[in-house]
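Enquirer: So that we are looking at the same thing, I have put the structure below in structure tokens.
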Amino acid sequence: MYPMLKPALRRAWRGRNTVQFGVTPAHAVTLGPVDLATGSFLELLDGTRGLPLLHEEARALDLSERHVDTLLARLTEAGLLDDPRSAGQGADVLCRRAEVMDRQRPDVASLSVVRPEPGGGTRRMAARRAMRVQVRGAGRVGASIASVLSGAGVGHVEVLDGGRTEHGDVAPGGLPPAAVGERRDVAARRLVRRSAPGPAPRRAGTDGAAAGPPGSAGQPGLSLIVVAPRDGLAVYAPVADTAGPWIASGTPHLYAGVIEATGVVGPLVLPGGTGCAGCLELHRADRDPQWPRMLAQWRSGRRGAVPACDLGLATAVAGLAAAHALAFLDGDLPSCTGVRWEAALPLLDWRSEPIGPHADCSCGAAGGAMRDRTSGALPAQDTMAG
Ligand SMILES: [Zn+2]
């Protein structure tokens, strides 16, 4: 054990004998009372000293071994201690890849703030390498989401779309101008490779990271599908049948897109647990009996007009959707779980709307809705060696 105070959290003395770790309310923790000697001892917790050395240096500060052990226990309990060396086998492999680690250091630091346990940040980052995510859509939103997920360390990101890249698909975080005219899926695949912090994992499990349930062709099972079609109507009013196979296979899926001048993130659907596309449509029809009639017209209407899609809004939607996806992959249930977030131009006031289960929907969520927010259809969690 080489204890280290989480470097990501700024430290400040709050008054004479209380130390505050972190700035913002979401993650700030105070520790007190802390005397001067203990305050000096805290400076020694930088990950370079093992316990025997810490005990020895504490004696020089007139601090007993027991005082040190109690302090370390309190710091651990408060989620303030990190210990990257204890993060396990997959994390060791990650740490040995210096270039990859350098690229991901800010992400690991962020994870270390969110995960209370020592080594949790590195362990979560290593776990991302074994995860497989499918992004459906390679327009302004979809390609950017795929790029961010790959850059954030998700090892297997695949993108599905048809047709060839058009000028309007180009986005700063998405497909580049050079991809215009090229098949969208091919261009998106290259984007994913280029965004990755290092070479793709050979196969899940072979580089020490956790493997999900077996999928096709020796690949891990899908941890998540992100539905980000170029036509935002398919996000705002998704076709229930399209989601049928994902509901049947229990595959979590997240909707994200831009329709006209409104950005949409969510819901994240946990099949059988939270409201799905079918539930959404049934609720909408309950509230607005004319909705199915209009929906049929929109869906069958001739397309050809350029879909309205503000680049700033598309980028915000992509970033927010990717962050929600990563939070889910890291083992949490982000606020888009069973909820849709919407922001409309020009005010961009993000508002949320719960998408509850509907009793008439065949997905079964109404029967057993969200029994326990901490269990259920989460991706491979706590399966890391060590
Ligand atoms: Zn449903």
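The values are calculated or read from the model by the stated rules, or taken from the named source; none is laboratory data. A quick note: this is a predicted structure, and the numbers were derived from the prediction, not measured. Counting neighbours? That spans all protein chains shown, and the Cβs are built from the backbone with ideal geometry, glycine included. Each accessible area value is taken on the protein alone, full model and side chains, heavy atoms only, with ligands, DNA and RNA left out. Shrake-Rupley method; radii C 1.70, N 1.55, O 1.52, S 1.80 Å.
Enquirer: Checking the a/c ratio against 1.5 first, then a/b against b/c, what shape does the Cα gyration tensor give for region 85-125?
Expert: Values: a/c = 2.80, a/b = 1.22, b/c = 2.31.
Since a/c reaches 1.5 but b/c is at least a/b, the shape of region 85-125 is classed as oblate.
Enquirer: Efficiency by 1/(1 + (r/R0)^6): what FRET value for Gln297 and Arg66, r their Cβ-Cβ distance, R0 = 56 Å, to the nearest 0.05?
Expert: Once the sixth-power term is evaluated, E becomes 0.15.
Enquirer: Could you compute the net charge surrounding Gly181? Neighbours are other residues with a C-beta less than 13 Å from the C-beta of Gly181; K and R count +1, D and E count -1.
Expert: Once positives and negatives cancel, what remains is 0.
Enquirer: What percent does the relative contact order of region 1-158 come to when contacts are Cα pairs within less than 8 Å and at least six residues apart?
Expert: Rounded, it is 20 percent for region 1-158.
Enquirer: Rounded to the nearest 10 Å², what accessible area does Ile145 show when all protein chains are kept and the probe is 1.4 Å?
Expert: Solvent-accessible area, nearest 10 Å²: 0 Å².
Enquirer: Also, I was wondering about something else. Using Cα pairs closer than 8 Å and at least 6 residues apart in sequence, work out the relative contact order for region 85-125, in percent.
Expert: 46 percent
Enquirer: Another question about this same structure. Taking the chain as the reference, fit the longest principal axis to its C-alpha atoms, fit the long axis of helix 65-77 to the helix C-alpha atoms, and give the angle between the two in degrees, 0 to 90, nearest 10.
Expert: 10 degrees
Enquirer: Next question. Pop out the carbon and sulfur fraction of the accessible area of region 55-201 as a percent, whole number, probe 1.4 Å.
Expert: Here it works out to 51 percent.
Enquirer: Quick check on packing: order 87-97, 280-290 by the mean number of other C-beta atoms within 10 Å, highest mean leading.
Expert: On the way: 87-97: 19.3, 280-290: 14.5.
With the highest mean Cβ count within 10 Å placed first, the list reads 87-97, 280-290.
Enquirer: Still on this structure: Where Lys and Arg each count +1 and Asp and Glu each count -1, what net charge lies around Leu63 among other residues with Cβ under 12 Å from its Cβ?
Expert: -4
Enquirer: Could you work out the relative contact order of the chain, using alpha carbon pairs under 8 angstrom and six or more residues apart, expressed as a whole percent?
Expert: It rounds to 14 percent for the chain.
Enquirer: Rounded to a whole number, what is D in µm²/s for the chain from Stokes-Einstein with the Kirkwood radius over alpha-carbon pairs (20 °C, 1.002 mPa s)? Working shown, then result.
Expert: Values: Rh = 22.7 Å.
Once the numbers are plugged in, D ends up at 94 µm²/s.
Enquirer: Measuring with a 1.4 Å probe in the full set of protein chains, what accessible area per residue, in whole Å², belongs to region 59-213?
Expert: On the way: 6910 Å² over 155 residues.
The answer is 45 Å² per residue.
Enquirer: Below 13 angstrom from the Cβ of Ala138, what's the summed charge of the other residues (Lys, Arg +1; Asp, Glu -1)?
Expert: The answer is +1.
Enquirer: Another one. Taking only protein heavy atoms into account and a 1.4 Å probe, give the accessible area per residue of region 260-373 in Å². Walk me through the intermediate numbers first.
Expert: Numbers: 5840 Å² over 114 residues.
Per residue, region 260-373 has an accessible area of 51 Å².
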